[in-house]
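Working notes, beginning with the structure itself.
Every number in this text was worked out from the coordinates using simple rules, so none of it is lab data. Note that the structure is predicted; figures quoted are calculated from it, not measured. We place every Cβ from the backbone using ideal geometry, glycine too, and count neighbours over all the protein chains shown.
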Amino acid sequence: MSRLKVFKAMLVVTSALTGVGAVQAADNEIEEFVVTAGRRVQPAADVAKSIAVIGEEALKEGQYSFVVDALQTLPGVAINQNGAFGGVATVSIRGAATDQTVVLIDGVQVNDPSSVGGAFDFSTLDPQGIERIEVLRGPQAVLYGSDAMGGVINIITKRGGEGFGGDTFAEYGAFDSLHLGGNAHGGTDRIGFNLSASFKDADGISAADEADGNAETDGFESLNLRGKFHAKLGENTGFELTSSYTDSKNDYDGFAFADGAYKLSDTDDNSTSEEFSLAGRFTFGLLEGKVSNTLSVEYSSIDRKNYAGDIFTYGAEGERLNFDYLAIAELAEGWTLTAGAQHEEVKAKTVDAEAISTDSLFGTLTYSKIKGLTLSGGVRVDDHETFGTTTNGELNASYRIEGAGTQIAAAWGEGFKAPTIFQLTFACCGFAANPLLDPERSDAWEVGVKQPFLDNRVTLAATYFNQDTDNLITFTYSEGYQNISRTSAKGLELSLDASMTDTFGITANYTHVSAKDLDTGARLSNRPRDEFFASLRWQPLEKLKANLSVTHNGNELDSSGLTVDAWTRVDLRASYALNDMLELYGRIDNLFDEDYQQVLGYGTPGVSAYAGIRARF
């Protein structure tokens, strides 16, 4: 490990042991409140936007090796991965492109500024140390700026402050896979820390599908560190420091000339990736606590290197620096103003270009004086130093019928995506760079209803959405990058959450998306029309829990024009508590050995078993 890697890893640990943090919601409110929808703590039942939450208990019971596996269980979220164990993993929300989603870790945007479209690669993101994941679907430009055309994924890590304690686990399974990790926390509500670490190593499978004659295994190795520290300096004053670090290496297969054709084949390609984020936030109150203010400095970086064997072939480095001010003011009874300003700088060191900055002002006004009714509207102005100024707005309404529990919600919002540094500067093959690219723009609306039954034991929800996108940036070998495409995505999300008895329950969701190119009428690639997920929970004994899940992904159109077949996978999980401190767990993935591909030509694991032990202290 290089000196720089050691320094960043030490900084994560140091931030957990010496940092301090902003005031947050109490732990017993975690399941009832969300923060991503309005950049403030608010009841989930009052949110008009479509938001899904994966809590710590769900992450634990799901036994997910990677965060991307958990995201695949949510409505409206589609996953594509170029092979397992370190293959590039991207997320599409409601038919939007994979680079049209903002990804945050403790509020720090970690999208890759050095990549072509600025997407985030989920392949190395480990769930260890994560308290909850909030996924906000639909355009969110007002509060989150550029890239949030499809939605926002906010990963919130654990926070200390309840005395000293922690947990640890060890897991071994198929493909000689070893997964180790632990979490430690300490302190009080006034000052505390949380530190988590995990390590994963696997021999893996062939990234190029074994069914096509590829037999070489492609291994994966990663180290994840996360730290969060807080200090409450006064009744309405606090400071928080958060940091994360990931160092990974994976083997992958590339394209080679074999059997008279150029195709995906066994190669000795491999890559390394180092990802780092750091944020400091100072929170203070004004006017006897009626105005909460947060000043933040946020930094993230990524350093990727590709090799053919031991020969370096390509590298990319990106950095993002953000200065943020956020104010939440209780103007009067039932009226809340959320407003702020941002200055962001992004840089791709691989390209010979200066950093690009964006200055932003935004605000949303929320009305909730009438019981059950929540109305909000907002606007954002962004001044991008390359393409100029853009303005985006949103309107949201939610009404909960007292007694019946019925919630009706509607939302309209705009989104935009600034061209990346790569798109603005790339020149090749006889064409010049195009510094005059405009931002991609989207306009979307949705309407939904949620209804509880049987004393809230069963909840059904349905949401219809429609999103149109203009000025999509498209690449051609004759003209380079141009704003020439228009797309549309509309569909339906259905969900069910039922606790039939104290020992048996079911969670299920179905998503239908029709995503097409409005210029040609063609179906958009890498977007399944239909997705289904169901999980049956059963607790036959007080100490024994079991979970059987079914994941269905409809057929997709590959970028080559060929079709990726639909697939259905069944997974089984179980855990047994030996006592209050020790728990055994195990799972069988792909129980019926489904042979399928997520991306054309790339293999996926067959039936595979894993077992582990958890300990709390």
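In this structure, the pairs whose alpha-carbon distance is over 23 Å, taken from K49/K232; K417/K516; K158/K349; K371/K450, are K49/K232; K158/K349. Taking other residues whose beta carbon is less than 12 angstrom from the beta carbon of G150, and scoring Lys, Arg as +1 and Asp, Glu as -1, yields +1. Mean sequence separation of contacting Cα pairs (under 8 Å, at least six apart), scaled by the length of region 3-616, corresponds to a relative contact order of 12 percent. Checking every one of the trypsin sites (Lys or Arg not before Pro) in region 384-480 against DSSP loop status and a limit of 16 other Cβ atoms within 10 Å picks out R457. Across region 228-235, coupling constants 3J(HN,Hα) worked out from phi with the 6.51/-1.76/1.60 Karplus curve, θ = phi - 60°, read 9, 9, 9, 8, 9, 7, x, 4 Hz, and Gly and Pro carry x. Using just its DSSP H runs of length 4 or more, each adding -39500 (n - 2.57), the chain gives a mean residue ellipticity at 222 nm of -1500 deg cm²/dmol after division by all residues. The stretch between A341 and D519 holds 60.4 nm of extra length on full extension. This uses 0.36 nm per residue minus the Cα-Cα distance. The Cβ shell under 12 Å around A341 holds other residues with a net charge of -4, Lys and Arg each +1, Asp and Glu each -1. The HN-Hα couplings worked out from phi for region 129-139 by the Karplus form 6.51 cos²θ - 1.76 cosθ + 1.60 (θ = phi - 60°) are x, 8, 8, 6, 10, 10, 10, 9, 9, x, x Hz, whole numbers, x standing for Gly and Pro. Using R₀ = 56 Å, calculate the FRET efficiency as 1/(1 + (r/R₀)^6) where r is the Cβ-Cβ separation of F617 and F323; round to 0.05. Given R0 = 56 Å and the Cβ-Cβ separation, E is 0.90. On full extension, the segment bounded by E162 and L494 gains 115.7 nm, given 0.36 nm per residue less the C-alpha separation. Within the set (i) -0.21, -0.42, -0.92, -1.76; (ii) -0.22, -0.44, -0.89, -1.42; (iii) -0.35, -0.64, -1.03, -1.36, the number that log10 I(q)/I(0) by the Debye sum over Cα atoms at q = 0.05, 0.07, 0.10, 0.13 Å⁻¹ takes when calculated for this structure is listed as (i). When you work out D = kT/(6 pi eta Rh) for region 114-159 at 20 °C and 1.002 mPa s, using the Kirkwood radius from C-alpha pairs as Rh and the Stokes-Einstein form, the result is 176 µm²/s.
Of the chymotrypsin sites (Phe, Trp or Tyr not before Pro) found in region 124-227, the ones in coil according to DSSP and having at most 12 other Cβ atoms within 10 Å of their Cβ are F164. Annotation: for a label point projected 7 angstrom from Cα along Cα→Cβ of E354, residues of region 376-403 with backbone N closer than 16 Å are 384-388. Taking the Cβ of L562 as the centre, find all other residues whose Cβ is under 14 Å away and add up their charges (Lys, Arg: +1; Asp, Glu: -1). Neighbourhood net charge equals -3. Centre-to-centre, using Cα atoms only, region 196-271 and region 457-505 are separated by 26 Å.
Residues in region 483-489 carry Karplus couplings, in order, of 8, 10, 10, 10, 9, 9, 9 Hz; the curve used is 6.51 cos²θ - 1.76 cosθ + 1.60 with θ = phi - 60°, and Gly or Pro positions show x.
Among the GluC sites (Glu not before Pro) within region 286-355, those in coil by DSSP and having at most 14 neighbouring Cβ atoms inside 10 Å are E288, E333, E354.
Of the residues L375, L241, the one with the fewest other Cβ atoms within 10 Å heads the list, and the complete ranking is L375, L241.
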